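In what follows, a structure is listed as structure tokens, so that the remarks can point back to it.
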Amino acid sequence: MFPLHREREQPIFSTRAHVFQIDPATKRNWIPASKHAVTVSFFYDANRHAYRIISVGGTKAIINSTISHNMTFTKTSQKFGQWADSRANTVYGLGFATEQQLHQFAERFKEVREAARLAREKSQDKMELSNAALSIAAPQGSWLKTSAWVEVVSVSVCFSSICEMNLESELFTLQDSNAKLVAALHEANANVEQWKKQLAAYQEETERLRDQVKIYAAFKLCAMWQVQENQQYKNKSSEIRILQSKRSNFHELEQEREEAIHRLQELEMRNVELERRVQNTEQNLASALEDRERAENEVQRVIQILDVKLFDLNDLRQSLVKLISK
């Protein structure tokens, strides 16, 4: 029985929206008919040439509105629209996520209303003849019961179709989430390789800094030797001054003194230059050691964060795989 009605009435357009109904007491306030966005579908009955808007929340049909030629869908804001159903004695309201969804629903409503008008004009004469024949052939009460039974079966079939579409949408969402998680894992693995390369680069930089420390130590040792040599030259200068007092030849002593003073000045200049280079090297070494320590700390912190994220991603992926397998 259901497959016959399923072939007769099929969905032609579906969207998702929050459903509201007008408060029957105040006729002003909106009462939410769904806690979250639900599927709202246009159905076409090929045998009756009728169009309906149906939405199911849980096990209850929250919208069952047959579209007539005199209905109007009104946009009241950028994402909200409404229409009145005199048969259901209520006003339905739909809140959409985007303005584009509202525009698509409004355009489809106009198309369906126009199609309902044309179908009504074409079948008006046939309907009058059919009603006359039904009034003669069968009691009116029996016809009303049959019509009510067909309406209930149609709602049940529509509910089944909407449930299948909801399940397919949820399955697609889960598959999409799983694909995104797999892509995230691949990206995380790629980041791990990149961080490993960075760690190797930091280790290489550390080795280079260690070599610089060794060079600095040798340079400092050389500087100390230069200082000792300078001190020796100073002692010799003192000895020269003593010898100058003992020598009889004043000019020779003066020439030797000038040469000694010149050498002493050169040594002092070399000593100042060496001290300056030592200070610069010490500053560079201290800065390099601080940079290396910061780099090592940052690498360790990144590795710890990555381990946590990889664990969370693997745990979430296993949960999703179990959920899909169920």
## Note on the structure
Scanning region 84-109 for residues that are basic (K, R) and surrounded by 14 or more Cβ atoms within 10 Å (Cβ to Cβ) gives R108
### Message
Quick check on this structure: which one of E275, E293, E252 is under 30 Å from V192 (Cβ atoms), open to solvent by 90 Å² or more (accessible area, probe 1.4 Å) and not β-branched (V, I, T)?
### Response
E293
### Message
When you check D45 against the structure, is it open to solvent by less than 20 Å² (accessible area, probe 1.4 Å) and at pLDDT below 95, yes or no?
### Response
yes
### Message
Just to be sure I understand, how many residues within region 48-83 are closer than 25 Å to K122 by Cα, surrounded by fewer than 17 Cβ atoms within 10 Å (Cβ to Cβ) and without any contact (Cβ under 8 Å) to a residue 60 or more places away in the chain?
### Response
5
### Message
Being more than 26 Å from A116 (Cβ to Cβ) and more than 37 Å from the chain's Cα centre (by Cα) is the filter here; which residues of region 28-47 pass it?
### Response
R28
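The values are calculated or read from the model by the stated rules, or taken from the named source; none is laboratory data. A quick note: this is a predicted structure, and the numbers were derived from the prediction, not measured. Note that we place each Cβ from the backbone using ideal geometry, even for glycine, and neighbour counts take in every protein chain shown. Each accessible area value is taken on the protein alone, full model and side chains, heavy atoms only, with ligands, DNA and RNA left out. Shrake-Rupley method; radii C 1.70, N 1.55, O 1.52, S 1.80 Å.
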